[in-house]
Amino acid sequence: MAKWVAFLRGINVGGHRKVPMADLRRLLAHISGDPDVQTYIASGNAVFATVGREETFAAEIAAGIKAKFGFDVPVLVMGEDAMRAVLAGCPCPDEKGNLAHAYLCYDDPKIDHANVEELRVTSESVTVVGRTVWLHAPDGVGRSKLAAKMEKLIGVEATARNLNTVRKMVEMLT
């Protein structure tokens, strides 16, 4: 049985699009047949084990959330190897986890390099590794003009997680 990570985009932010993690675990257990689904923090991160294809899981999870909560949520599902590759591809693996963010793209990124360079300060870097775009903002993401516009600059839909969360999701796969 393979292990999978699911990322839900834009839930439980500012009191909107609420999805309780207990409900998400029940939904994923029903879809996957795994009674031991784990979630991490309330932003829609989950690990489960089952057989099948990730595209099927993403669609089933999104449909289940729509049916139960009445709103659409983009869902990204990655296999264990892909999730480990995201972490291994981090260009600043020893950085504090809140200063590096992985933008997990739903499609191949189409980076607007000219605007990235216009917004980027000297200390910041943007690195593309497959379908993941890493933003390293050592002066703080909250201060970064680049961070505020990353999804637009990436050119495709993405869900962002900081390095702490990426590390935790990989840890949960063991």
Scan region 24-51 residue by residue and report those that are loosely packed, with under 15 Cβ neighbours inside 10 Å and either in contact (Cβ under 8 Å) with a residue 40 or more places away in the chain or within 24 Å of GLU157 (Cα to Cα) (or both).
ILE41, ALA42, VAL51
Give me the pairs, please: first residue somewhere in region 1-19 and polar (S, T, N, Q), second residue anywhere and crowded, with 21+ Cβ neighbours inside 10 Å, beta-carbon distance under 8 Å, and either six or more positions apart or on two chains.
ASN12/GLY44
Do any residues in region 66-92 that are assigned to a strand (DSSP E or B) and open to solvent by less than 20 Å² (accessible area, probe 1.4 Å) have Cβ atoms under 7 Å from those of residues that are at pLDDT below 95 and not aliphatic (A, V, I, L, M), where the two are at least six apart or on different chains, and which pairs are they?
VAL77/GLU54; VAL77/PHE57; GLY79/GLU54
I want to confirm something. Restricting to region 114-154 and keeping residues that are outside any helix (DSSP H, G or I) and small (Gly, Ala, Ser), which single residue is farthest from GLU95 (Cα to Cα)?
GLY130
Of (1) within 21 Å of THR165 (Cα to Cα); (2) assigned to a helix (DSSP H, G or I); (3) modelled with pLDDT of 95 or more, ALA58 fails just (3)
Selection from region 89-144 of residues that are closer than 13 Å to ASN162 by Cβ and among the small types (Gly, Ala, Ser):
GLY97, ALA100, ALA102, ALA137, GLY140, GLY142, SER144
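The values are calculated or read from the model by the stated rules, or taken from the named source; none is laboratory data. The structure displayed is predicted, hence computed values, not measured ones. Cβ sites come from the backbone with ideal geometry, for glycine too, and all protein chains shown count toward neighbours. Remember, those area values only see protein heavy atoms, side chains included, never the ligands or the DNA or RNA. Shrake-Rupley method; radii C 1.70, N 1.55, O 1.52, S 1.80 Å.
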